[in-house]
Amino acid sequence: MKKRNTIDILIIDESAADARLLQIMLKDGSFVGNITSSPNIQSVLNNQLEQSHQIILVDIGLFPESKLQQLLLLTQKTDAYTIAISSSNDKKLNIDALKAGADDFMVKGRFSSEELLDKIEFTLIKYQHKKQLHWAQRMSLLAPWSYNSSQKQVDLSQALFFLNKAQASYLALEIESAISDALTGKICQKEIQYVLAGNDDVLKEKKYYLVTIENFKDKAIPAVVKGTIQDISERKKANERLEETHQKYMDIFANSSDGIYLSTILGLPKECNKSGLEIFDIKDKDIPNSNLHHFFDKKNGHSVLIDIGHKKTIKNREIEIIRKDGTIRNCLLSVVYFSNESDMYTGILRDITERKIAEKIKQTRILEMESNQLKEQFIAAISHEMRTPMNAIIGLSNLLLDTTLNDEQRGYLKSIHHSSEQLLGILNDILDISSLKNGQIVFENKNFDIHDLLQNIVHNLSYKTPDKDVVIELYIDPDLPKILKGDKLRINQILYNLAGNAVKFTDKGSVKINCNLLGQSGDTVLVKFSIADTGIGIPKEKHDAIFESFTRIKHKERIFEGTGLGLAISKNLIEQQGGKIWVTSKIGVGSTFFFDLVLEIGDNIQVQNKEEANSNIVIVNPKRIMIVEDNKMNQLVARKLLAKRWPELDIIVANNGQEALDLVDEDFDVILMDLYMPVMDGYAATKALRQHENPNIQTLPILAMTADAQIQEGDKYLQYDLDGFIVKPFDPGLLYEKILTHLNRTHEKR
Ligand code: ADP
C-alpha cells in the first residue's frame, strides 16, 4: 500500500452505517488524514463549512431532486472537491450531480477501498487546480456562464458567489439579448449596468458587469453558448473617479485665466489652453507647427530657456512674450516638469501686461505730481523774486507821481505805473491758476453783503469806461437775502473777471450784471449770476476753449490786453465752490456769461453789529513804527509811504531780524516784518519777539510784509504768531488800513 498524503475529508451521509462503511474503507486503504462526518448537507451549510476540507464525499441517495438543489448550494460555497456518491448507476442522475457542481461521482457498492483512495488521490491533484481557479475567479470576480439554446436558459450558477438572485435573473435576460446581438456579429462583449435597490436614491449603488460571449459570429447559435461574466464595478468606479478628476483638471485647464501649455523642453507644444493661445496670439490649429520658445524675449526669456533646458524649477519669472505682430505681453512664467525621464513640461503664463501699464501710469502720475510740486515751488519762488522789485517800482512810481514833474515826465511815469500794475495782475493770475490746479485754495465761509459787493464792482468798472459809450447796469433779485455766507474775495474776483472782460470787449452799448435767486432750501440759496454785454462776441467753436488757460481769440484789426487766464481762474473758482459756468454768444451782437453758486444765507445782525461797533471807535494814529526789511529800495518805499500819511511818525529801520531784536522796545505801535532776510529771517524774529522777557514787547502787533503771496492761503500767518500781513507790492491805502486796524485793536485791548 502506497503512503498517501494527509488530507481532510468530510463525509455527508444520512445513513450513519454507510458513513461508517466509507470510513472503514478509507482506513483499510491506509488513508492518513482526518475524517469528519455529517448527516446532511443543510447542517454542513449551517455549521461546518468553515472547516478547510479538501474533499467532500456527499451521498445523494436515490431521490436527488431536493438533494441536487442542496448540492448546488454546497458546491457554490466551498472550494473543496466534491465527489457525489449515488446509490444508482443512473447516468442521468450522475450527470445532474456534475451539473450541480460535483466534481466527480461514484456509485455506492461499486468501488473498492483501493479504488476510493485512488480516486481521492487523483481528485486531490485536480483539487489544487480547482482551488487556484476558484481563487483567481474570486479575486477577479469572474465566472463562466453557459446558455442552453434549446431551453433558452442562461446558467449563471457559477457566478453566484458575487451575484444575488435578483442580479442573476436580471443579468440572465441581458445575456440572452447580448447573445442574439452576438449572432449578428455586432458584439462579443457587453457592459451591463445594474442599480442595486436601496431605500434612498443616495443609497442606491451602481454595479457594472462585463459579459464576454464566445465568438460564433455568422454561425448559427451553438447548442451551448459559453461566456464569462465579471463584476467590474470597482474598476468602473475607479475609472469614473479618474474621469471626474480628469474632467475637473480639464475644466481648470480650459477656463483658467492663466495661459497653460504642455510642451517639450525644446518648445514644441502639445496642448495650449485658450488664454495661452491669446497670449501667444496663435490659433489652435497652428500648435503643431509652432515653437513657443520662439516667442520668448531675448533678455529674460533667454535665461529662462537655459533653465528649462536644465530642468530647473521656475516660479513667477517675468518674461516678455513677443507676438508675431510685434506686440508684447508681459507675463510671469512658472514651469513644472513631468518627470526626470520625460522631456515634457507644463508652462503657466500669467499675463500682467495691464498691471504693468497701470503701474506705469501710476508711476507717471507720481512723477507728474512731483513735477507739479516742483513747478509749484518754482512759481512761488519766481513770483516772490518778482514781487520784491515790483514793490519798489510801483511804490516809487507812486511816490514820484506826487512830486513836481513836467507833463512829458508825468506821462512816462503813468505808463510805467500802469504797466507794472498790469504785470502784477499777470503775476497774481499765474499764481492763482497754479494754486487752483493743485487744489491749494481754501474757501472761506463768512458773512458778506452781496449788494455792497456788486455795487462796488459797478463803481470800480465805471472808472474803466470813461472813454467808452457803455452803460453798466445792475439788477439784484429783491427776494435774494442781502447777507450771504461764502468767500467774498473769490466771488468778487470771479465777477470782476467776467464784468472786466465784458467792458473790455464792448465799445458801445451796455454791460448788464444780473443776480437772481433761483431757489431756496432751508438756509441755502441757489444764486444765478449773469453778465451780458453788447460787445464783439465769441465764435461758437471757441465757447469751450476760452475757459482753458492761456486761450485768447485773435482779432486781426485789434489787440486786447490780457493773458487768457481770467476765465480759466473763474471756472476753477466756481467749480471748486460747487457751481457751474457757461456762455452764450453771437458774433457782433454780444456775449452773456452765466454762473451759479449755492450759498448759505448769512447772519444779518452780526454784520450790522460789527459795523456799528466799528463806528464807535476813535481812531488812534501810530507814533512809532519799526520796518524790518533787508532790501534798500523797499525800505525807501515803505518809509516814504508811511511818512506821507503820518508826517510826524517816528520810523526805525532794521536790516534784518537780529537788528530788530536789538532795536525793539515796548514803545513801538506796529512792527512791519519782511519774512525772508539774511542773518535772521522774519519768522525767527517774530518767534523771538513773542518770547521776549518784556511782556509788553511780546504783544506788539507784528504785520508780515512779504512778497510771498501764499501767506494768504488759509490762515498761514497765524501759525507763525503774526497778527496780519501785507502782500508786496502793496496798495498804499491797504498798508495804512492794516496798520490802523491793528493799532486800534491793540488799544482796545489795553
Ligand atoms: P483775457 O481776457 O486775459 O485774454 P480770459 O480768460 O478772461 O483772458 O478770456 C479769454 C478769451 O476769451 C479772451 O482773450 C477773449 O478772446 C474771449 N472773451 C472773454 N470774454 C469775452 C467777452 N465778454 N466778449 C468777447 N470775448 C471774450
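The values are calculated or read from the model by the stated rules, or taken from the named source; none is laboratory data. Not measured: the values here are computed from a predicted model. With ideal geometry, Cβ positions are generated from the backbone for all residues, glycine too; neighbour counts draw on all protein chains shown. Quick note on the areas: whole protein, heavy atoms, side chains included, nothing else; ligands and nucleic acids left out. Shrake-Rupley method; radii C 1.70, N 1.55, O 1.52, S 1.80 Å.
Tabulated values for the structure
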item	result
Filter result (touching a residue at least 40 places away in the same chain (Cβ under 8 Å) and open to solvent by 70 Å² or more (accessible area, probe 1.4 Å)) within the range 375-384	LYS375
Every pair of residues 6+ apart whose Cβ atoms lie under 6 Å, when the first sits in the range 566-587 and is farther than 22 Å from VAL503 by Cβ while the second is more than 8 Å from the ligand (Cβ to nearest atom) and part of a strand (DSSP E or B)	GLN577/LEU597; GLY578/VAL598; GLY579/PHE595; GLY579/ASP596; GLY579/LEU597; LYS580/ASP596
Among the residues listed as ILE536, ILE472, the single one being in a strand (DSSP E or B), modelled with pLDDT of 90 or more, surrounded by 14 or more Cβ atoms within 10 Å (Cβ to Cβ) and over 51 Å from the mean Cα position of the chain (by Cα)	ILE472
Enumeration of residues in the range 287-312 that are among the aliphatic types (A, V, I, L, M) and surrounded by 13 or more Cβ atoms within 10 Å (Cβ to Cβ)	ILE287, LEU292, VAL304, LEU305, ILE308
Residue that is farther than 16 Å from LYS738 by Cα, open to solvent by less than 20 Å² (accessible area, probe 1.4 Å) and touching a residue at least 12 places away in the same chain (Cβ under 8 Å), where the choices are GLU648, GLU629	GLU629
Residue within the range 228-239 that is out of contact with any Leu (no Cβ under 6 Å at 6 or more places or on another chain), more than 30 Å from SER146 (Cβ to Cβ) and of a type in the set (D, E, K, R) present	no
LEU423 vs. criteria outside any strand (DSSP E or B) and open to solvent by 10 Å² or more (accessible area, probe 1.4 Å)	yes
Residues (out of contact with any Asp or Glu (no Cβ under 9 Å at 6 or more places or on another chain) and closer than 13 Å to VAL58 by Cα) located in the range 79-96	ASN94
Positions within the range 136-161 being open to solvent by 30 Å² or more (accessible area, probe 1.4 Å), modelled with pLDDT of 85 or more and hydrophobic (A, V, I, L, M, F, W, C), in sequence order	ALA136, MET139, LEU141, LEU142
Residue check, GLY500 within 16 Å of the ligand (Cβ to nearest atom), in contact with a helix residue (DSSP H, G or I) (Cβ under 9 Å, 6 or more places away or on another chain) and of a type outside the set (Val, Ile, Thr)	yes
Pairs where the first residue, in the range 345-374, is at pLDDT below 90 and the second is open to solvent by less than 70 Å² (accessible area, probe 1.4 Å), C-beta under 9 Å, 6+ apart	ASN372/SER434; ASN372/ASN438; GLN373/ASN438
Qualifying positions in the range 254-286 - in a helix (DSSP H, G or I), surrounded by 19 or more Cβ atoms within 10 Å (Cβ to Cβ) and within 23 Å of the chain's Cα centre (by Cα)	SER275, GLY276, ILE279
Residue within the range 559-574 that is within 11 Å of the ligand (Cβ to nearest atom), open to solvent by 90 Å² or more (accessible area, probe 1.4 Å), modelled with pLDDT under 95 and out of contact with any Phe, Trp or Tyr (no Cβ under 6 Å at 6 or more places or on another chain) present	yes
So ILE41, is it open to solvent by less than 10 Å² (accessible area, probe 1.4 Å) and modelled with pLDDT of 85 or more	yes
Qualifying positions in the range 541-556 - more than 7 Å from the ligand (Cβ to nearest atom), of a type in the set (D, E, K, R) and closer than 15 Å to ASN497 by Cβ	GLU548
Test: PHE105 is surrounded by fewer than 18 Cβ atoms within 10 Å (Cβ to Cβ) and either modelled with pLDDT of 85 or more or assigned to a helix (DSSP H, G or I) (or both)	no
Total residues in the range 657-669, condition under 60 Å from the mean Cα position of the chain (by Cα) and crowded, with 20+ Cβ neighbours inside 10 Å	1
